[in-house]
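Below is one structure; the comments refer to it alone.
Bear in mind that the values in this text are calculations on the coordinates, not laboratory data. It should be emphasised that the depicted structure is a prediction, and the values quoted were computed from it without experimental measurement. Backbone-built Cβ (ideal geometry, glycine too); neighbour counts: all protein chains shown.
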Amino acid sequence: MEFNEYQEAANRTLYGTEQVLTNCALGLAGESGQLIDLIKDYTFRGKELDREQMVHEMGDVLWYLSQIAQWADIPFDEVAQNNIDTLNKRYPDGFSPTK
C-alpha cells in the first residue's frame, strides 16, 4: 500500500471538528506512549515483546500521523520521501557508528 492510499483510506474514519489537529496531536502522544510502554516492559521488566500488540500500536501512531498530514494538506508520500531524502543527505553511505 502506498502512503497516500493509506492516508486516504484512514481519513474515512476521522471524526472532524474544529479541534481535529489538537485531537490528532494528543492521540499521537497517547498512542506513542502505549508503544513505548510495550518496549519499556520488554526492556526493563523482562516481559515478552508482543509483536501483535506492537503492530497494533504502530498502526495507531501511523493513523494519527497520517491525519495530521491530511489536516495540513500534506500528502503522506511527501512526508515519507522527505524523510528518506534527509536520511540520504545525513548518511550518504548508510549509518555507521564509527563515522
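Please check: in the Gaussian network model of the chain (C-alpha springs, under 10 Å), which one of Gly46, Gly16, Gly33 has the largest mean-square fluctuation.
Highest fluctuation among the options: Gly46.
Top mean-square fluctuation among Asn11, Asn83, Asn23, Gaussian network model of the chain, C-alpha springs under 10 Å?
Of the options given, Asn83 has the highest mean-square fluctuation.
With each run of n ≥ 4 DSSP H residues scored as -39500 (n - 2.57), what mean residue ellipticity at 222 nm is computed for the chain after dividing by its residue count and rounding to the nearest 500 deg cm²/dmol?
Rounded to the nearest 500, it is -24000 deg cm²/dmol.
Taking the simple approach of a point 7 Å from Cα along Cα-to-Cβ for both Glu5 and Val55, what is their distance in nm?
Result for the modelled spin labels: 1.8 nm.
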